[in-house]
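Right, one structure below, let's go through it.
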Amino acid sequence: MLLIDPSTGRIESANSAAEKFYGFPAGRLCEMSIQDINILHPDEVAAERRLAAAQARTFFKFKHRLANGRELDVAVHSSLIMLGQHAKLFSIVHDRTGLATVERALRMSEERWSVALETSETGVWEWDVDSGHAYYSERWRTMLGYGSSDIGATRSEWSARVHPDDLMTCRDQLDAHFRGETALFECEHRMRHKDGSWRWILNRGKVVARTDEGSPTRMVGTHQDLTPLRQMESNLQQSRQETQEALDLVRALEQALPLCVSCRRVHGVGGQWRPLDLPLSVGDQHSNEHGLCPDCARELYGASYVHELVN
């Protein structure tokens with residue numbers, strides 16, 4: 001405890017706990033002013049007082065220097081009291097070095113998660129189960145084409161946009177998670193975009209708070225847009241189907257057309273041989289015989305053989 005003259009900053013009284021905390025000999029603190037131990041510049045002190053008032057805090061965050069030179073983060077709870085006709089600051093000082101370290105670690109962790117969510121294009125939602133109140137992050141809204149003023153703070157903002165054919169499945173999986181049957185809630189479903197289209201969403205969440213009886217009270221989750229992936233899968237499936245159809249056609253043609261077994265050309269109208277991938281005219285006459293075209297026969301057996309074969 002410190003008793004301070006607010007007009008001069010002089011320390012008029014200090015209890016034994018303060019002397020032990022700061023490490024000064026008995027009576028030494030009362031020969032000092034608060035400026036001797038508060039290492040912040042007066043402008044910084046004034047800024048901290050304004051910040052505390054804006055945040056409705058009942059304490060100030062300062063850095064104090066001990067007798068051994070060590071600097072500590074402290075919380076100073078000050079009240080103005082009257083002693084006779086004189087106003088004094090009654091201050092209680094707490095070491096918050098450990099707390100400051102925790103706060104910094106928490107802030108860094110929040111920053112890391114914020115960056116991770118932003119770079120992964122992930123939307124975040126939070127749901128108060130009892131009240132129905134919900135929070136939707138900016139990315140959650142923009143994923144569906146909405147601005148901050150377009151989406152309210154209720155769970156119905158989600159359920160009203162889920163495709164009717166998917167809503168029951170989502171509710172069943174949500175109920176199973178509420179009952180503790182699954183570690184996570186996970187559902188792939190469609191949601192209506194602002195432009196009227198449907199977007200495929202991977203919806204994941206987890207109950208993070210329950211009552212003593214086990215009823216869920218708070219849930220947090222994420223949304224990821226699967227629409228581009230679904231479109232790629234659809235295009236790949238279509239490509240596979242077209243390729244299979246082309247292969248089936250080739251196999252059918254191989255059974256129906258006179259093909260050269262060496263170069264794979266087709267014997268068409270006028271006795272001409274042409275590549276298989278050229279279009280076939282309606283007038284082409286085909287047999288079911290396979291053999292060698294004259295060019296391949298000449299290469300394999302010589303010109304005299306082909307002359308005898310043709311004549």
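The values are calculated or read from the model by the stated rules, or taken from the named source; none is laboratory data. Nothing here was measured: the structure is a model prediction, and the numbers come from that model. Positions of Cβ are backbone-derived with ideal geometry, glycine not excepted, and every protein chain shown enters the neighbour counts. These accessible areas exclude ligands, DNA and RNA; they are computed on the full protein's heavy atoms, side chains included. Shrake-Rupley method; radii C 1.70, N 1.55, O 1.52, S 1.80 Å.
For this structure, a couple of remarks:
- Label-point separation, Tyr135 to His86 (7 Å along Cα→Cβ), nm: 4.9
- Carbon plus sulfur fraction of accessible area for the stretch 115-187, probe 1.4 Å, in percent: 51
- For the stretch 125-190: accessible area per residue (Å², 1.4 Å): 53
- Protection proxy ranking of 204-216, 135-147 - average other beta-carbon atoms within 10 Å, highest first: 135-147, 204-216
- Lys/Arg +1, Asp/Glu -1 at C-beta; the stretch 7-110 dipole; positive extreme among Ser79, Cys30, Ala47: Ser79
- A simple spin-label model places pseudo-atoms 7 Å from Cα toward Cβ; at Arg10 and Asp172 they are separated by 8.1 nm.
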